[in-house]
Structure formats: C-alpha cells, structure tokens
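The values are calculated or read from the model by the stated rules, or taken from the named source; none is laboratory data. Owing to the predicted nature of the structure, the values given are computational and were not obtained by experimental measurement. Using ideal geometry, Cβ is built from the backbone for each residue, glycine included, and neighbour counts are taken over all protein chains shown.
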Ligand code: MV4
C-alpha cells in the first residue's frame, strides 16, 4: 500500500494530485526548481525538496535527481502529473527498476502509443477505426506520391514521433507533396531525432473528441465517456465540455467501446485518453492516445462522479476497479475554461508577472484548480496556465450561464489573462448552439477578438478608482518629498483626456 507519493510536477496539477493524497491519508513530497521556491505545491506538500535551476531540463525533467529524492524521502510511488516526465517510457521503466511505483502505464504502453505508426498498426489490429492512410514510414518518395493519389488530396503528412500538431504538414496540391514530406521529416528529425513520417487522409474541419479510460492490472477496463475539446487555438485547448453536444447515444457507446479496446490492445494500466477526430457526419477515427492524466480531467470527474487521481492510486496499488461499465453514467453537463497568463489582445503573448490581486469565483457548481495567490510571481519558464475553472449545470445552457457568472466573478490583476476572451467564447451564438468544430476560433476571430470600447459606466468607474487611489496616495504622501511633481491617473485623465481602459 502506497504511504507516500512524490509528485514529479509543479503548479496546479501538483496541488490537484496532493489534494487527493491528503484525502486518502497518503503523505506527499514536492520537488521544486529555483523558480518555484514559493510555489503553492511546495507549501501544500508534507515535504519539499529542491531539485535544480529553473529550466525544466535541469529540474523537472531530471529523472536521476527525482528518483534520488524519492529514495531519500522513502516515497513508495511517483505521480508524474501531465507534461514533463508523464509520458516518458524510460522514466516509467527506471521507477520500476528502483522499486518505486510509477503512477501510470508501463514502458510498453507508452512506447506503443508514443510512436504514431506503431499506434496506428496496433489500433488497426484491434479493430479501432484509424484515419485512412499508410501503416509504414514513407521511405520511397515515388511510392508516397502514388499512395497519396490513391488516398486523394488533401492529406496530412505526420511525424511518427510527433503528436499535438508537431511535425505535421497539410498537402492540398500535388506539386507540394515532396516539399511537405521533406520539411515534415527534417522538422521531426530536429525535434525528435526520428525522421519517420506517414500519410493520413485530411479530415476537413474535424471535431476533437476524446474518451477517458481507466484500466486496472487485472484485465478490467472501462471508459468514462467523452470530452469535446474542439475549442482550440494553435493546438492549445481553450475550452472543454462534456457531454459533447454532437454525439448521440449510439455513436457514444460505439466510440467508448473502441476506446476501451484501444487501451486493452496495449495492456494499459491507469488513466488514459483516446483521442478521435470526427467529421460532421459523425464518422470518427483514432488519432492518438495520451498515456497520462489530462489537464481537462475535472469535467469528467464532475459529470461521472469519479476522482480520477484516487482511481490512479488504487490501480497503482494493484486494486481491481471498484465499478463496472454499466455503473457509470453521465449526470448533467460540465465545462472547463483554461485561464492563462496571456494577453489575448497581443497574439496571446505570455504575460508573466506578480499576481497583485486575485478573487476566484465560488458558489454553487463551481470548482477552480489553481495554485497562485496574491504576491506570487508566475515564472516565465513554464506553461503560463494560472488555473482551470470548471462548472457544472443540470444541462448545457445552465452550465454556460454558470460559466459566464463565474468568469464575471473572476478577478485577477497584475498579469494579463484570457478571462475576457473566454467570456466572449461563452457569449458566442455558435458556441451556444453547440455546432462548432476545431475551426471555431479561427473562423470567428473577428468577433472573439473585438476590442472593447470603454463605456460610460466603465469611464465612471475608472474615474472613481483613480480618485480613490489619489486620495490614498495623498494620505500617505510626504508633501515635502513629492512637492508639486506628484501626478496620478485622475489628473492625467482630466488634462489629456486619455481613454481609460480597465
Ligand atoms: C488531423 C486533422 C485532420 N486530418 N489529421 C492536430 C493535432 C494532432 N493531434 C492532430 N491534428 C489534426 N490531425 C487528419 N488526418 C486535423 C488536425 C487538427 C486538429 C485536431 C484536433 C484538434 C484540433 C485540431 C486543429 C487543427 C488540426
């Protein structure tokens, strides 16, 4: 039985994992880099050990150091969270060698799914539908051209070692085939040290639908239904919801079965996600399997009523799943918005800095998974996600209304955030209709990024805020020090008639 877990991660997911550990009476060890000395995951854990400088390759990616800390602190298991070492087969294997439980699948499952060509072959053999295309790496360019003519343009050239959009080229014109293959190959060689590429038919304006699965070490596997993740920007998910507004009962059951078969085909253990692309006629194809706990897992937890981290730990403890497929049901509707320290008005540039003020939404049906607090400086070295806002409602409309209310309540100053942008997504008629696909943000760019005018009410509030600030400064100021030079927004507003934006 696991008594102590080392969490090999940082930020919100490290805190998320530790919360369940605490509920289960399991002690926790945090590891942290120079940039994370004041991070919430360090404060939350029972013990915390420094593992190196800020860059992740010198800290959160150092398998040797993390294993050394696990042994030193007598942790029996390591939870990798997402990102960093979570899908690293070598790390899963190294943990096993050191007699420490890796909370996740073994090296075989990670390797088979990590290599997209071997994943496609395995899925084909398991009867899971894959995108029409090749099952072997392209090694002859003429053969590739012939194959593409057979499949029909447009096609995607994808790196076998890729995933999440890296090393991917779309080809619409016959004359671009060779240059696409060559550039995909060289990008893949550069990024993954593996230049293998393969061909897939291009699925037009697809939906991205993924299934959560859980599998134990006794041959039992279930799915916990889908998550609709089609609101994306440059392969970065922005909003996720479950159930998908697109699926019907029949397709849902069939996809769930395929997802379970995908997991069984690699002898999967733990929590995983099977990703599909789907066209408007509900034809769906396996895309890839993520062999980790995902960022968006809370919406599944809310709708299905399962703590996925608790299940991961039980599975690592060699326990059997405590429920069967027919015990699992979807209740109501959940939506997640990812809150980033990014500036939507400036091409989503990261906006690192100190959180000056934060008020998080509360109340019925609201969950936030975060880690920042007032005075915390968001490090520039890692993902700029501040928190995840998850709401539940008895139906989709109620959930959207609740998300809009929660976003309205969410106040963060000190860094720019994506909150206003997310409000515009929730307000958008096409999102509200549920008839959106992965082209949504691009297609409605103009409406979603419209700059806001400062309304009369907004200007009044700016003036009042500036006036109060002025009074506050006056009360504190030493007149002799500031003399006549003290300026403030209130005066500037009056003098120059500047437009104040809040
Ligand atoms: C595709 C596709 C269309 N056809 N493959 C993007 C990320 C990577 N996981 C696979 N991706 C895609 N693969 C074929 N054969 C369209 C995408 C795609 C996409 C997929 C899921 C979510 C958002 C996306 C945005 C653009 C393209």
Among the residues of the stretch 113-152, how many are in contact (Cβ under 8 Å) with a residue 60 or more places away in the chain, within 13 Å of the ligand (Cβ to nearest atom) and not in a helix (DSSP H, G or I)?
-> 6
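State whether the residues of the stretch 325-345 include one that is surrounded by fewer than 16 Cβ atoms within 10 Å (Cβ to Cβ), assigned by TED's automatic domain parsing to the domain that holds residue 388 and at pLDDT below 95.
Going residue by residue through the stretch 325-345, those that are surrounded by fewer than 16 Cβ atoms within 10 Å (Cβ to Cβ) are 325-327, 329, 331, 345.
Keeping just the survivors that are assigned by TED's automatic domain parsing to the domain that holds residue 388 gives 325-327, 329, 331, 345.
With at pLDDT below 95 added as a condition, the list becomes 345.
Yes, that holds for at least one residue.
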Quickly run through the stretch 232-285 and pick out the residues that are free of Cβ contacts under 8 Å to residues at least 40 places away in the same chain and either buried (at least 19 other Cβ atoms within 10 Å of the Cβ) or assigned to a helix (DSSP H, G or I) (or both).
-> 244, 247, 249, 250, 251, 252, 253, 254, 257
Over the stretch 138-160, the set of residues crowded, with 17+ Cβ neighbours inside 10 Å and in contact with a helix residue (DSSP H, G or I) (Cβ under 7 Å, 6 or more places away or on another chain) is 138, 144, 148, 155, 157, 158, 159, 160
Does the stretch 265-283 contain any residue that is within 16 Å of the ligand (Cβ to nearest atom), on the phi > 0 side of the Ramachandran plot and not assigned by TED's automatic domain parsing to the domain that holds residue 92?
-> yes
Given (1) at pLDDT 95 or above; (2) within 14 Å of the ligand (Cβ to nearest atom); (3) not in a loop (DSSP other than H, G, I, E, B), number of the condition residue 162 does not satisfy | (1)
What about residue 223, is it surrounded by 23 or more Cβ atoms within 10 Å (Cβ to Cβ) and modelled with pLDDT of 95 or more?
-> yes
From the list 222, 231, pick out the single residue that is over 29 Å from residue 150 (Cβ atoms), within 14 Å of the ligand (Cβ to nearest atom) and either in contact with a helix residue (DSSP H, G or I) (Cβ under 6 Å, 6 or more places away or on another chain) or outside the structural domain of residue 349 (by TED's automatic domain parsing) (or both).
-> 231
Based on what the data block shows, is residue 404 surrounded by fewer than 19 Cβ atoms within 10 Å (Cβ to Cβ), in contact with a helix residue (DSSP H, G or I) (Cβ under 6 Å, 6 or more places away or on another chain) and within 23 Å of residue 451 (Cβ to Cβ)?
-> yes
Inspect all residues belonging to the stretch 243-255 and state whether any of them is over 13 Å from residue 212 (Cα atoms), within 16 Å of the ligand (Cβ to nearest atom) and modelled with pLDDT under 95.
-> no
For residues that are without any contact (Cβ under 8 Å) to a residue 24 or more places away in the chain and within 11 Å of the ligand (Cβ to nearest atom), tally how many sit in the stretch 172-205.
-> 0
Residues that are touching a residue at least 40 places away in the same chain (Cβ under 8 Å), more than 19 Å from residue 316 (Cβ to Cβ) and in contact with a helix residue (DSSP H, G or I) (Cβ under 6 Å, 6 or more places away or on another chain), drawn from the stretch 4-56 = 10, 15, 40, 41, 54
